[in-house]
Each structure stands twice: as C-alpha cells, then as structure tokens.
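Colleague: Structure in structure tokens, see below.
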Amino acid sequence: MSDPTDTTGTNSTGGAAEAAEPAMSAGGAGGRHVRVVLVDDHRMFRTGVQAEIGRTEQTGVEVVGEAADVDQAVTVITATRPEVVLLDVHLPGGGGVEVLRRCAPLMADAERPVRFLALSVSDAAEDVIGVIRGGARGYVTKTITGTDLVDSIFRVQEGDAVFSPRLAGFVLDAFASTDAPPVDEDMDRLTQREREVLRLIARGYAYKEIAKQLFISVKTVESHVSAVLRKLQLSNRHELTRWATARRLV
C-alpha cells in the first residue's frame, strides 16, 4: 500500500523524514477526527501502523507525518502540530524522552496541546516511568490491536491517561514512592537496544524471534548479545538470564 505521507530526504542522522501539511477531513468513526504523527525507527512498523489505523474514513485517524529519529520527530511534530504523537521509546538521537523534552512547549500549549502516547515493544518499568515523567499521556505495547490503538489515540486526544493493563501498576508504584530509583551502573553500560535484546533473551526468545520482534536481522541480534555479554562480563545466555532475573528485568 502506498504511503500518502511519504517524502524521502536525509538529515544528519540519516534516514527519511516524512511530513504532510495539515488537512481537513470529514472524519470517520462516528465523526471523530484526530491528526497523528508516527515516530518509530523501523519503517516497516510505521508502514504497518499506517495501514492499520490510517484509513481516515473508517477510523477517524489522519496520519499527517512520520519520523525515524529524534531530530526528525521534533521537526515533523513542530511543522504539523498533530493532536497526538505515537512515540517509540527507543530512538536514535536520544530516545523518546529526548523528543518529549524538546517538545515540552508544544505539550504545554493551552489552546493546541500536542499529546504523546508511547507505543513500544518494551514493557520494562524504567521505560514506562521515564516517558510518563517526560510528559507522555500513556504507554501501550506493540501487541495492541488496531481497534484498541485507535481507541487509545482518541482517549489521549481527549486528555485521558491510557496504559496497557499491567503497565499501569508501574506508574502507580513509581509516583507513590518518594524514593529515587537506585542507579544500576551495569545497566547504564548498555544501550537501549541492548537492553531490549537482553530482556527478550532472558525471557527465552530465540534469536529469530527477537529479530522479528525488533525488526532487525538475526546477525544484528547476535552482535547485540555479544556486546551485552562483554559489557556485563558474562559467558553465556544462561548467566545472562540469571543476571536479568536477579534484577527483576524479565
């Protein structure tokens, strides 16, 4: 399916940024209408989401722009001023938290606030808490159905907070506690992508399954696993699983 928002270009971080001018629509889904920007570093995933929710006449969702990294995201969001941004947590250039930080004035706009809904493969507590502290209105995982995602987008547009069921507990626990989370120096050595691979390995996923989940090649998965083992000074995936379980990352 062709992507009506697709314009190809490059910037200093590489990759393509796509943006569309604001457009009027009759809307769908009972007359509801919401303008959305997709931010995810995997083009195939963005294409899939666009195909699933971007049928404006049926869903009421109009995808007005896409971005693959932090700089692209800030540029496209500023140019299109959507009501809702679907934001991946792990992005080149600083991650979803950096996008939220740089878009703080847009979120604070009383008349035309831009609201953010995190959409990520990660269900780790620190990822959820990080983007919520950064200003996101909700967090759902990529296992969500298209219908539920559309509903979540409209709820966030209306100002509600939306979470995948088990993730809400992370937020409640975090904001109920006045204690700052401890610093884990070992975890700080890992990149965001290495942490994703670590968790999936610890949960028993095969390399091919991880590659499919993260939209990367098996060879890239192997490289990430080697890097994690080296940085944590572990010998094999069994030790890695024990390490992750001890830190309640599984």
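Colleague: Can you tell me which residue in segment 140-157 is farthest from Glu62 (Cα to Cα), limited to those that are charged (D, E, K, R) and touching a strand residue (DSSP E or B) at 6+ places or on another chain (Cβ under 7 Å)?
Modeller: Filtering first and then ranking leaves Lys142.
Colleague: What number goes with the only condition from (1) closer than 24 Å to Arg133 by Cα; (2) of a type in the set (Gly, Ala, Ser); (3) modelled with pLDDT under 95; (4) in contact with a Ser or Thr (Cβ under 8 Å, 6 or more places away or on another chain) that Ala104 does not pass?
Modeller: Against the list (1) closer than 24 Å to Arg133 by Cα; (2) of a type in the set (Gly, Ala, Ser); (3) modelled with pLDDT under 95; (4) in contact with a Ser or Thr (Cβ under 8 Å, 6 or more places away or on another chain), Ala104 comes up short only on (4).
Colleague: Turning to a different aspect of this structure: Go through segment 140-166 and count every residue that is in a helix (DSSP H, G or I) and among the aromatic types (Phe, Trp, Tyr).
Modeller: Residues in segment 140-166 being in a helix (DSSP H, G or I) and among the aromatic types (Phe, Trp, Tyr): 1 in total.
Colleague: Across segment 195-216, which residue is surrounded by the fewest Cβ atoms within 10 Å (Cβ to Cβ) among those that are among the basic types (Lys, Arg) and touching a residue at least 24 places away in the same chain (Cβ under 8 Å)?
Modeller: Taking the candidates together, the pick is Arg203.
Colleague: Look at Arg133 and say whether it is within 27 Å of Asp188 (Cβ to Cβ) and in contact with a helix residue (DSSP H, G or I) (Cβ under 9 Å, 6 or more places away or on another chain).
Modeller: So Arg133 fits the description; yes.
Colleague: Kindly provide the set of residues from segment 126-157 that are farther than 20 Å from Val99 by Cβ and small (Gly, Ala, Ser), ordered by number.
Modeller: Gly146
Colleague: Ala16 is checked against (1) in a loop (DSSP other than H, G, I, E, B); (2) within 27 Å of Ala104 (Cβ to Cβ); (3) at pLDDT 50 or above and fails just one. What number does that condition carry?
Modeller: Just one mismatch for Ala16, condition (3).
Colleague: Could you tell me how many of the residues in segment 129-139 are in contact with a Phe, Trp or Tyr (Cβ under 7 Å, 6 or more places away or on another chain), assigned to a helix (DSSP H, G or I) and either surrounded by fewer than 20 Cβ atoms within 10 Å (Cβ to Cβ) or not aliphatic (A, V, I, L, M) (or both)?
Modeller: Of the residues in that region, 1 qualify.
Okay, residues lined up against (1) in contact (Cβ under 8 Å) with a residue 24 or more places away in the chain; (2) over 26 Å from Arg195 (Cβ atoms); (3) surrounded by fewer than 23 Cβ atoms within 10 Å (Cβ to Cβ):
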position	(1), (2), (3)
Thr78	yes, yes, yes
Pro82	yes, yes, no
Leu87	yes, no, no
Glu98	yes, no, yes
Asp109	no, yes, yes
Val114	yes, yes, yes
Ile144	yes, no, yes
Ala161	yes, no, yes
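Colleague: When only residues in segment 217-250 that are of a type in the set (Val, Ile, Thr) and without any contact (Cβ under 8 Å) to a residue 40 or more places away in the chain count, which is farthest from Met187 (Cα to Cα)?
Modeller: Val218
Colleague: While we're looking at this one, here's another question. Go through (1) surrounded by 14 or more Cβ atoms within 10 Å (Cβ to Cβ); (2) modelled with pLDDT of 90 or more; (3) over 18 Å from Thr145 (Cβ atoms); (4) under 20 Å from the mean Cα position of the chain (by Cα) for Asp40 and report which single condition fails.
Modeller: Failing condition for Asp40: (3).
The values are calculated or read from the model by the stated rules, or taken from the named source; none is laboratory data. Note that this is a predicted model, so its numbers are computed, not measured. When we count neighbours, we look across all protein chains shown, and the Cβ atoms used for this are built from the backbone with ideal geometry, even at glycine.
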